[in-house]
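What follows draws every value from the coordinates through simple rules; no lab data is involved. All figures in this text were calculated on a predicted structure; none of them were measured in a lab. Cβ: placed from backbone, ideal geometry, glycine included. Neighbour counts: every protein chain shown.
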Amino acid sequence: ALQSVVRVFTVHSSPNYFQPWANKTQRESFGSGVVVEAPVPGGVGVLTNAHVVADQTFVQVRRHGSSVKHQARVHAVGHECDLAVLTVDDPDFFLSPDPDAGGDRDGGDGAATAPPRRVRPLPLGDVPALQSKVSVMGFPAGGDNLSITSGIVSRVELTSYAHGAGELLAAQLDAAINPGNSGGPAVMRGKIVGIAFQNLPGTDNIGYVIPTPVIRRFLDDVERDAADARREGRTYDGVHGGFCGLGIKCQWTDNPAMRAYLGMGKRETGVIVTEVAPLSPAKGKLFADDVLLEIDGAAIANDGSVSFRGWERVAFDHLVSLKRAGENIRMKVLTVDVVATPRAPLVPVHQYDRLPTYFVFAGLVFCPLTQPHLHEWGDDWYDKAPRRLCDRAMHSHMKVPDEQVVILSHVLADEINVGYQGKHDLEVSRVCGAKVKNMRELAAALDAHDGEFVRVDFVGGDVVVVNAKEGRAAGERILAKHRVPARMSPDL
């Protein structure tokens, strides 16, 4: 196992974001790695941390017990999971003298030289059980030779990865993991059970290792991505696509009143969905106030955890993170309203059997945003209509009853609105300084305003200001000029 551990020497040159055309002065660092079977040319590579080789311009590796550095190349890197796999072109890197062979191994006169043999890649094991004793191997600061420390596994849970700024499964050890240890293996019974990657700042002897489920997912994805590149006739770029997520926010349901309000049975547990991201794979399938009860058959507790190895528990996000991109996730969902009401999208999809709603003030034509309004842009309305309004139509949901997206449809030209006549399809933000929830509130605000000027603010920063008295006086003239039968629709 010891000869499979390597030291990684890296020269970095990071971008200068104050002068983006230039790089900062190059710097050198070192870390650790381990020889493993990997989806690389030759089938064997060096596994290390992504942060050890981030922004690299030159990488070398040296095995334990050797004095020779060999140039290495980054084959694949996953910054979210803080893992990278390196290749070494020189085949001698993977050879070592046989310690069991007789003779003088340094090749003295008249002595036999032991035949070289390949370094044995360390196999991957399982997630170590709590209170298991593991050995962390690497090359931490303070010396040049291999260092081995022992630690006890004290916790296995989702942890924030400092390099990737995401949360994935990690194992906590009561062992020191210092600068230089990063990328080194945590070994138990001759198998890798984790890769050292960070410690807990401000504490002593609390370190973290990346467990084998995350490592296997990374290596499997590298193999699949490389195969896809070959099949499509393109060069594999070595950039890992990242781990999967649902793109939702959830809240615990520990409170009995909350569970009763949601209609959860006494034996039902789960979490309430509070937000679904616009680009979430669950968009259109999960909604606010839905209750997630199970994921892939695993019951979700009221604190968002699922069973993990018997009596241990981890956040249900772990099950999602192990999914490959494109795989299905089966979820058992409870959707119960206190008073049954149909789901009402913020932007109506259709408006059959009713006349459009509108309101005209000083030639400014306001209406609620609807998909039929966007359809006026033609069959390819989604590509031609204003992008902001399309996004609102496709990705927004009603937050309060009777909410509408109110827009300035267009302007009926008149001397009162000179300078504003090119404005159209703008979402209203405020009227006379106040937010408006729907068309009724907009009409009421414009009719009731007793100030000298009427000001309408729009999302994006546009502003329209007209003289209130003159605007009202011009109403009949504008309607007659443009042959508009009434200043508002009958429903207002």
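Within a straight-line Cα-Cα reach of under 12 Å, K423 can be paired with the following aspartates and glutamates, leaving aside sequence neighbours fewer than 8 residues apart in one chain: D462. Among the trypsin sites (Lys or Arg not before Pro) found in the stretch 125-197, those both in a DSSP coil and sparsely packed, with 16 or fewer other Cβ atoms within 10 Å of their Cβ, are R189. Could you tell me the calculated FRET efficiency between R309 and R231, based on Cβ-Cβ distance and R0 = 30 angstrom, to the nearest 0.05? Step by step, r from the Cβ atoms, then E = 0.20.
Given a cut-off of 14 Å, what percent of all Cα-Cα pairs of the stretch 415-487 lie beyond it? Tail fraction, whole percent: 65. Over the chain, Cα pairs under 8 Å with separation of 6+ residues give a relative contact order of 9 percent. In the stretch 191-257 the Cα-Cα distances spread across 10 Å bins starting at 0 as 15, 26, 28, 21, 8, 2 percent of all pairs.
Summed over all non-identical Cα pairs, the Kirkwood treatment of the chain gives a radius of 27.9 Å. Against the chain, whose longest principal axis comes from its Cα atoms, helix 212-231 is set at around 80 degrees.
Estimated from the Cβ-Cβ distance and a Förster radius of 35 angstrom, the FRET efficiency linking S160 and T57 is about 0.75. If you model the stretch 248-334 as an ellipsoid using its alpha carbon gyration tensor, with each semi-axis the square root of five times an eigenvalue, the axes come out at 20, 18, 10 Å, biggest first.
A cut-off of 5 Å between modelled amide H atoms, ignoring neighbours fewer than 5 places along the same chain, links H75 with V85, L86, T87. Set the bar at 22 Å for Cα to Cα. Now go through K285/K435; K266/K323; K133/K191; K249/K384; K285/K437 and name every pair that lies beyond it. Flagged as over cut-off: K285/K435; K266/K323; K249/K384; K285/K437. Per the Cα gyration tensor, the stretch 367-447 maps to an equivalent ellipsoid with semi-axes of 22, 20, 9 Å, ordered largest to smallest. Relative to the longest principal axis of the Cα atoms of the chain, helix 439-448 runs at roughly 50 degrees.
Calculated mean residue ellipticity at 222 nm for the chain: -4000 deg cm²/dmol, from DSSP H runs with n ≥ 4 weighted as -39500 (n - 2.57), summed, divided by the residue count and rounded to 500.
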